[in-house]
Every structure is written in C-alpha cells, then in structure tokens.
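The values are calculated or read from the model by the stated rules, or taken from the named source; none is laboratory data. Values in this document were obtained by computation on a predicted structure and should not be read as measured data. All Cβ positions, even for glycine, are placed from backbone atoms using ideal geometry, and neighbour counts span all protein chains on display. In case anyone asks, the SASA skips ligands and DNA or RNA and just uses the protein heavy atoms, side chains included. Shrake-Rupley method; radii C 1.70, N 1.55, O 1.52, S 1.80 Å.
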Amino acid sequence: MSTSQSAGTADILRYFEVAGPDYAAWSPQFNMHFGYRVRGMSWLRREPMLERMNAEVQTLLEIPSDASTHYADMGCGLGATARFIAERNGHTRITGFTIVPWQVENGNRLSQEQGLGPRVNLTLSDYRATPALTSSMDGAFAIESSCYARGADKLDLLTEMARIVKPGGHIVISDGFRKDSDRMGPILRRCYRISCASWAVPQMADIHRFKKALRQVGFQNVRAEEVSWHIAPSFAHVPFLCVKFVLQRWLKGEFKFPRERWQNLLGPLFGALLGLRRSRFGYFHVTAVRELVPPPPPREW
C-alpha cells in the first residue's frame, strides 16, 4: 500500500517529518521509545534506560552468536535500536523499514558515521508490504511502532512479519496495549483519543486480539509479559522534558509551534494518564516463534 492511498499514513508521515527532529531532546542517539529501568539504575538518567530497552529486545530475540543473521526492524525510526544490536552482534545485519524519508536519510548517515553502514540499512517502505523476500529474515522486532498498523489486532503487520521471517525465527514487539476493549468512560476515552491523535496512531492494539492474530498467521510460543513498572520511570521524565523544551524554544524566540510539534508534547502527557489505569492499559513485551511450516502468502492490499 502506498502512502498516497491512506489518509492515516499521510498523517503519520507528516507527524514524523515535522516533529521527528524534536526527538533529539528526548535522546541524543534518537532512541525513539521509552526506557526500561531495572534495580540499581538511576531514575534521573534517561539515556541508559533507553539503551536498556534496546538490550531487552536484543535478549528476547535470542540472536545466535556463532552464525550470520539478518533481522528486520519494523518501523525503525532512525535505526537506534538496529545500530545497538548490530554493534554488539558482529555477524548480524539489520534492515529497517520506515515510510519517513527523513528517517531513512539521517538514520543511514548515522550508521555510516558509526561504521555500521554495511550492516545496518534503513529502507523506505511500508512495513506492512516490505520488499523483503519470503522467509528471508532470521527474526524481526518492532518497538513502539506496531501501534501504527491497522485495527485492534494489527493483523496487517503481523501477516507481513510471518511472511518474511524464517520458520523457527523469533519476533519481539514492545509497545503499549489495551487490556480491555470494553467501553471506556467519557474522561478516559477523551484522554485515549487525544493520546492516539497526538501520535498519529489510528488505535492501540488489544493485547488479547493481538496474541490471537499472531497464532492465526503462523506464530507459536506466543508470550506477553507486562513490563509497565519498568517503563514508568522513563515516562516520569515526560512532563519535565516538555516544560524544558517549551521554555528553551521561547527563550530562542520561537513562540509558534507547528501542530505536529504540539502533538509531540501532548501525546506522552496523555499517554501517562492512560498508564495510570492499569486495568485498561499496559506496556508489554510480546514474543513469538515462527512455526516450522510454509509461511502464508502475501496479503492482498
């Protein structure tokens, strides 16, 4: 599906083209996700928590140390996680997929500057219909990008992951999920809609439908581990960073922000409010293994 065929895709593209550079205020390495804190880590240092999230995903992928491997980063941003993994796994190549030209250009530049250009390549592509060959990847991961796929089950993304991952390959999806798709009260629904709209997310996945869809397209050993309390410390940085960001821009004489930049501030603020309703929302690591059977045919669009 091309970007011109979907108003929702156009919104995502515009959001990341305009607000994407502001992520440098969140992470100098452009880790465009929340952090993962474990005991002993400082609550005040955000970048180590962001790097720890990368390390958690790397561990869950179960990358072999004695073989050449190729992984897909589905919704790669500027490729910070891909570079983290490639730097620590010398026999691993990673191809990232994103629809944002700015991310491809700058992400590949950063990979070249870090000497990882030959093994980390970002490609301009919708992650629901990638140019990757069938069963060509040893595994795949998506950090806070699965939410941009369609529906509560994100079946379009999962179908593509099932197509490109080899039988026996591991996948990891780390993201916020709805736990309960029952009707929300008016205040909670308002917060949910603002949060989704601010990040140009069509809707959050339902963890139960998501797991069912994984099995439907050919994954087994599907596991979902809630890690909300590990994510919360980095979420706590959001309000302070937002105030700092606005003050810095005002001191530079920037008094008018594009709508997308305001969205980038509002999204995590309202997302934090959703996180307080633990019975309805949570942050999960979802893992699965591609079944040892022929992959399904590509989905028609």
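Quick look at the numbers
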item	result
Selection count, segment 143-156, where residues are within 21 Å of residue 57 (Cβ to Cβ), in a loop (DSSP other than H, G, I, E, B) and open to solvent by less than 20 Å² (accessible area, probe 1.4 Å)	3
Hits in segment 119-142 - residues which are open to solvent by less than 20 Å² (accessible area, probe 1.4 Å) and aliphatic (A, V, I, L, M)	120, 122, 132, 137, 140, 142
Selection within segment 196-233 - of a type in the set (Ser, Thr, Tyr) and farther than 23 Å from residue 12 by Cβ	228
Meets criteria (among the basic types (Lys, Arg), within 25 Å of residue 149 (Cβ to Cβ), in contact with a Ser or Thr (Cβ under 9 Å, 6 or more places away or on another chain) and open to solvent by 30 Å² or more (accessible area, probe 1.4 Å)) for residue 83	no
Identity of the residue in segment 13-38, open to solvent by 40 Å² or more (accessible area, probe 1.4 Å) and not hydrophobic (A, V, I, L, M, F, W, C), that ends up farthest from residue 103 (Cα to Cα)	37
Residue selected from segment 52-80 under the condition in a helix (DSSP H, G or I) and either among the polar types (S, T, N, Q) or over 14 Å from the mean Cα position of the chain (by Cα) (or both), by the criterion nearest to residue 165 (Cα to Cα)	61
Selected residue (only one of 130, 159 is β-branched (Val, Ile, Thr), over 13 Å from residue 79 (Cβ atoms), more than 16 Å from the chain's Cα centre (by Cα) and assigned to a helix (DSSP H, G or I))	159
Cβ pairs under 7 Å, 6+ apart, first in segment 229-251 and assigned to a helix (DSSP H, G or I), second open to solvent by 90 Å² or more (accessible area, probe 1.4 Å) and of a type in the set (D, E, K, R)	none
Residue selected from segment 202-214 under the condition without any contact (Cβ under 8 Å) to a residue 60 or more places away in the chain and not small (Gly, Ala, Ser), by the criterion surrounded by the fewest Cβ atoms within 10 Å (Cβ to Cβ)	212
Residue identified as under 22 Å from residue 283 (Cβ atoms) and crowded, with 22+ Cβ neighbours inside 10 Å among 74, 41	74
Enumeration of residues in segment 51-62 that are within 25 Å of residue 125 (Cβ to Cβ) and either at pLDDT below 95 or open to solvent by less than 30 Å² (accessible area, probe 1.4 Å) (or both)	53, 54, 57, 61
Residue match in segment 220-243 (condition: within 25 Å of residue 74 (Cα to Cα), touching a Pro at 6+ places or on another chain (Cβ under 9 Å), at pLDDT 90 or above and surrounded by 13 or more Cβ atoms within 10 Å (Cβ to Cβ))	no
Among the residues listed as 187, 171, the single one being closer than 26 Å to residue 15 by Cβ and in contact (Cβ under 8 Å) with a residue 40 or more places away in the chain	171
